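Have a look at the structure below before the remarks.
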Amino acid sequence: MMRSRDHTIRVALIGADGRFGTAIRAAARTAPDVELLAITRESWPGGATPDVIIDVSAPDVLDATVELSAATGAAVLYGVSNPGPARTQRLTELGSRVAVCRATNLNPLAHVMLQSVQMLARVAATLPERGHTVVSERHPVSKTDAPSGTARQMADAFDWPVSTHVERAGGPVCDHGVEYAVDGNRIQITHAVADLGLSARSAITTAVWLARQQPGFYTVSDAFSAMNSAVAEPAPAPGPESEFWIGGRR
């Protein structure tokens, strides 16, 4: 059910009573042209007609989320960490009927970090020495799954085994990072989050974007890239001075 740009977007938020859900509710109050339908386990909607569903609840709620989408034609922004292969497959199949976005991390700066890690992995793959790669993540003790979905994405960027360090301690919200060392050189890419506000505002923006898309299975990188390209100015054509070469294995 793709919506036009002049239509108020009705957002059903599943997991509205959780920490991230609470932040999304606060963000929705100041978002233009958005009507929020907050949903908890105790208040499942009867007759609600959302345009898009944001699910930030728990993996075992997915069946009910899919049922709500099937009944209303609503798009689904799925922000639950590590749902597992079977549930991911169900989301992929749902994408044949509505727009579905699997959002491992809705923070736009995490997107920048992941893009940087992917660039690092491509460059590292050309070097004569393999080097050593460590992926680290920290969340408070309330997060039960490990490693986090974001940490798994970072590790998957490399075509060789990496070391993973997981910590469950400290305050909200989380820290992620990659350290790569090779031939006497070391680079670190990190992202630290102390407040969920930016991620919550991004969740609303991404949900509005998703409600206006054709059926399909999208990643959050697809969404961020599309939204960024819609507002970015054309980049200047690269000249000889912008070209560089990294010697090593091709």
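Mind giving me the nanometre distance, one decimal, between the label points for Thr30 and Ala125, set 7 Å out from Cα along Cα→Cβ?
Each label point is offset 7 Å from its Cα along the Cβ direction, giving 4.1 nm.
Angle check, please: helix 197-211 long axis (alpha carbons) against the longest principal axis of the chain (alpha carbons), in degrees 0 to 90, nearest 10.
70 degrees
If I compute volume of the Cα convex hull per residue in Å³ from the structure I just sent, which labelled value in [x] 152; [y] 124; [z] 172 lines up?
Given [x] 152; [y] 124; [z] 172, the structure-derived one carries the label [x].
Quick check: Cα centre of region 66-106 to Cα centre of region 113-159, how many Å?
24 Å
About its Cα centre, what dipole magnitude does the chain give when the only charges are +1 on Lys and Arg Cβ and -1 on Asp and Glu Cβ, stated in debye to the nearest 20?
160 debye
Counting only C-alpha contacts under 8 Å and six or more residues apart, can you give the relative contact order of the chain as a whole percent?
Answer for the chain is 23 percent.
For Thr104, Thr22, Thr190, what's the fewest-to-most ordering of other Cβ within 10 Å of each Cβ?
The most exposed by this proxy come first: Thr190, Thr22, Thr104.
Suppose every Lys and Arg Cβ carries +1 and every Asp and Glu Cβ carries -1, with no other charges. What dipole size does region 108-193 come out with about its Cα centre, to the nearest 20 debye?
With only Lys, Arg, Asp and Glu charged at Cβ, the dipole is about 120 debye.
I'd like to know which of Ala124, Pro161, Pro140 lies farthest towards the positive end of the charge dipole of region 83-166, counting +1 on Cβ of Lys and Arg and -1 on Cβ of Asp and Glu.
Pro140
DSSP loop GluC sites (Glu not before Pro) in region 98-190 with at most 16 other Cβ atoms within 10 Å of their Cβ, which ones? Walk me through the numbers on the way to the answer.
On the way: sites: Glu129, Glu137, Glu167, Glu179; in loops: Glu129.
Filter output for region 98-190: Glu129.
Using all alpha carbons of region 108-193, what is the percent of pairwise distances in each 10 Å bin, ordered from the shortest bin to the longest?
18, 51, 26, 6, 0
Would you calculate a helix-derived [θ] at 222 nm for the chain, using -39,500 (n - 2.57) for each DSSP H run of n ≥ 4 and dividing by the full residue count, to the nearest 500?
So the calculated ellipticity at 222 nm is -10500 deg cm²/dmol.
Calculate the FRET efficiency for Asp60 and Ala146 from the Cβ-Cβ distance with a Förster distance of 22 Å, rounded to the nearest 0.05.
0.75
Round to the nearest 10 and give me the degree value, 0 to 90, for the angle of helix 108-124's Cα axis relative to the longest principal axis of the chain.
Here the helix axis deviates by roughly 30 degrees.
Run through the DSSP bridge list for the chain and note the antiparallel percent, rounded to the nearest 5.
35 percent
Starting with the fewest neighbours, write out Met119, Met113 ranked by other beta-carbon atoms found within 10 Å of each beta-carbon.
So the ranking, lowest neighbour count to highest, is Met119, Met113.
Coordinate-derived values only; no laboratory data. Since we're looking at a predicted model, the values are computed, not measured. Positions of Cβ are backbone-derived with ideal geometry, glycine not excepted, and every protein chain shown enters the neighbour counts.
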